[in-house]
1. I need the P(r) histogram for the chain: all alpha carbon pairs, bin width 5 Å from 0 out to the longest distance, whole percents.
2. Compute the helix-to-body angle for 55-67: its Cα long axis versus the longest principal axis of the chain, expressed 0 to 90° and rounded to tens.
3. Output the 0 to 90 degree angle, nearest 10, between the alpha-carbon long axis of helix 78-101 and the longest principal axis computed from the alpha carbons of the chain.
4. Rounded, prolate or oblate for region 60-101? Axes are the square roots of the Cα gyration tensor eigenvalues, ordered a ≥ b ≥ c, and the cut-off for rounded is a/c under 1.5.
Amino acid sequence: MSASQTLITALKFRGGVIIAADTQVSDIVARVRWPCEKLDRIGIHPCVIGFSGSVGRGQRAREAIERTQLHQNMFQRKERIRDALDRCLRPIYREIKEESVQ
């Protein structure tokens, strides 16, 4: 049995950044694959998020980020936006950690 993997990559250039990801979800056990967008822009902000792993967990993470109040000044320093995203995703981080311990 092969492992399912996601590819998310970014290319930085003078005018900005290009981010790309594969667009397929695989269930190795059921041997099923279906299309899925793994990158999303969050609101009007200059922020693109990508997820790998459980599709359900990725959807919950997206919803948590969308519920978070993001302000333009947060994007002026990477530490500000990183801290805001860490806070809203903390419950999902805990869940992943607890599952990996078992």
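Derivation of every value follows stated rules applied to the coordinates shown; laboratory data play no part. Just so you know, these numbers come straight off a predicted model, no measurement behind them.
1. Percent of pairs per bin, in order: 2, 10, 18, 20, 21, 15, 8, 4, 1, 0.
2. For helix 55-67, the angle is close to 20 degrees.
3. 20 degrees
4. Values: a/c = 4.40, a/b = 1.99, b/c = 2.21.
Oblate is the answer for region 60-101, as a/c is 1.5 or above yet b/c matches or exceeds a/b.
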